[in-house]
Amino acid sequence: MNARRIIPRLSFWQIWNMNVGFFGIQYSFGLQQTAVNPIYSFLGAHAEQLPILNLAGPITGLLIQPLIGAISDKTWSPKWGRRKPFFLLGAIFCSMALFLFPFSSTIWMAVGLLWILDAANNTAMEPYRAFIGDKLPEDQQTFGFQMQSLFVGAGITLANLSLFVFQKYLGGNAANGGIPVWVYYSFFLGSFCSIASVVWSVYKTPEIPPTDEELAALKKAQKESTFFTPFMEIAAAIREMPKILWQLALVYLFQWYALFVYWQFITPMLKSSLYGISEADETRANRMIESAKKGISVAASDLTWAKGILHQVEIAVGQTGLMNGSYNIVTMVSALLLVPFANKFSSKNTYICCLFLTGAGLVTLPFIKNEYLMLLPMVALGIGWASMMGLPYSMVSPSIPHHKRGVYMGVINMMIVIPMLIQTLSFGFIFNHFLGSNPSSAIILAGILFAVAGSCVTIMKPDSRKPEFM
């Protein structure tokens, strides 16, 4: 497949339509970031258990995305295309898992649904990244990836703000134990958004058919393919990986470890630093409520105290939704605004500044004691998130062979999920033995790791060709 296809330039609205599906996928990720860990807590999980309960994310990402990438590189359907069948199938299963998730009655039911949800998200995610490379010429790819970043912000914003709005105006019954009713509404909305937005992009965006030479090579590859072929292609891609991807892997080691720490411990930090609720208080309150539900006598004053504690826990979850929604609003606004900065100062320098800014914002977060002032560091995180979702891909995309774009996007995702896997296996120990089981210390550490990631970007050497932006 050495012949290069002619890829036409697309208009603003064509690039917009092809990225709409990313909105629904990212709504689902937004709920994972903000709502899944509180649901685990509602069901009785302890803070040190949160990393291991989130094992589904890194494991499914590690296994599914590179495999789907390798398979989609060798796929072509005249009716459905190359990438669209995969993100449509992923959206269908994601929609079903989101609908069922709030009905979880035990921690392990929630864990099982998270595995299904994350597998579906990963099936949809990687082909969507490759879709941008397939559809856009190199001089529009930074714009295309930053447009994806815009929809990342939009999807996660709606997910997080829905939690805040539903908690504030529709209320719930967490004070009586279990998952509050208002959580259901956010997941039902996500179930609809997941399938509806992907169907929009599938309907609106045709894929570019392969050339005759590419089609002949695809048919030959399909005939010669075995069960082990995708695994062999992943291994070959890693062996032949361009140097800049190894450099990106080092950046991602610190960046994604830090992000996973933030997503897991922002709500525990808020409970402790903003509302003065310890995990021991929350555990005691849950036990009192459970005892009362079983008919065991509990003093009225103790029951009132327990309900007050669990109400404050609900407020902390809503505050997390507000904060995460706020940083994703900033992501929406800043995603395309970063394009001219990348054009003038380079994607590399823009990315470095954004990572350092994110680190500074997180380090200050535990020292702020006002729920509204806490939104200021979210501006820094929003700008950083916009850069993370677009600039690294535009930096490495010119170095990726176009006929292996799917498998290499999967390999890049391995660079994301391996740090997450390391975090899930290591951070419970670090949290207990080095951070004194203090969620505020976890958030400060995340900020420091962002600064380390920014330092690592300085060694990256992207293609020197300067792209033109819309």
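Laboratory data are not the source of any read-out in this text; all were calculated from the coordinates shown. Only a predicted model underlies this, so the values are computations on that prediction, with no experimental measurement involved. As a convention, Cβ positions derive from the backbone with ideal geometry for all residues, glycine included, and neighbour counts pool all protein chains shown.
A few remarks follow.
- Shown here are the Rg and Dmax of the Cα trace of the range 234-279, at 17.9, 52 Å.
- Pairs of Cα atoms in the range 64-152 fall into 5 Å distance bins, from 0 up to the last occupied one, in shares of 3, 14, 19, 19, 18, 13, 7, 5, 2, 1, 0 percent.
- Farthest positive-ward along the chain dipole, Cα basis, beta-carbon charges - from Ser225, Pro8, Ala386: Pro8
- Residue order, fewest to most beta carbons within 10 Å, for Ser455, Ser326, Ser273: Ser455, Ser273, Ser326
- Rounded to the nearest 20 debye, the dipole magnitude of the range 200-268 is 180 debye, with +1 charges on Lys and Arg beta carbons, -1 on Asp and Glu beta carbons, and the Cα centre as origin.
- Extent along principal axes [Cα atoms of the chain; Å; largest to smallest]: 79, 42, 39
- D by Stokes-Einstein for the range 324-384, Kirkwood Rh over Cα pairs, 10 °C, 1.306 mPa s: 133 µm²/s.
- Unit Cα scatterers, Debye sum, the range 17-94: log10 I(q)/I(0) for q = 0.12, 0.18, 0.27 Å⁻¹: -0.48, -0.88, -1.32
- Isotropic mean projected area of the C-alpha convex hull, the range 109-169 (nm²): 5.4
- Farthest positive-ward along the chain dipole, Cα basis, beta-carbon charges - from Gly276, Ser297, Ala47: Ala47
- Residue (of Pro398, Phe356, Phe192) at the positive-pole extreme of the chain, dipole from beta-carbon charges: Pro398
- Kyte-Doolittle at least -0.5, axis length at least 20 Å by Cα - qualifying DSSP helices, the chain: 56-73, 84-100, 107-135, 138-169, 181-204, 243-269, 300-345, 347-364, 405-433, 439-457
- For Thr34, Thr211, order by how many other beta-carbon atoms lie within 10 Å, fewest first: Thr211, Thr34
- From the Kirkwood radius over Cα pairs of the range 88-140, Stokes-Einstein at 4 °C and 1.567 mPa s returns a whole-number translational diffusion coefficient of 105 µm²/s.
- Compactness of the range 127-224 was expressed as the Cα radius of gyration divided by 2.2 N^0.38 Å, which yields 1.64.
- Exposure proxy ranking, count of Cβ atoms within 10 Å, fewest first, for Cys94, Cys456, Cys193: Cys456, Cys193, Cys94
- Percentage relative contact order, the chain, counting C-alpha pairs under 8 Å, at least six apart: 29
- With only the Cα atoms considered, the range 413-463 has a convex hull volume of 86 Å³ per residue.
- Each helix, a run of at least 4 DSSP H residues, gives -39500 (n - 2.57); summed and divided by the residues of the chain, these come to -25000 deg cm²/dmol at 222 nm.
- The spacing between the range 265-295 and the range 17-96, judged by their C-alpha centroids, is 30 Å.
- Fraction of C-alpha pairs exceeding 20 angstrom in the range 357-470: 56 percent, rounded to a whole number.
- Average projected area [Cα convex hull, the range 1-142], square nanometres: 10.0
- The range 295-436: Rg to Rh, with Rh as the Kirkwood radius over Cα pairs: 1.12
- Nearest-20 debye value, the chain charge dipole, Cβ charges on Lys, Arg, Asp, Glu: 720
- Taking a straight line from the alpha carbon of Lys79, these lysines sit under 27 Å away, with near neighbours fewer than eight places off in the same chain left out: Lys135, Lys204, Lys219, Lys220, Lys223, Lys404.
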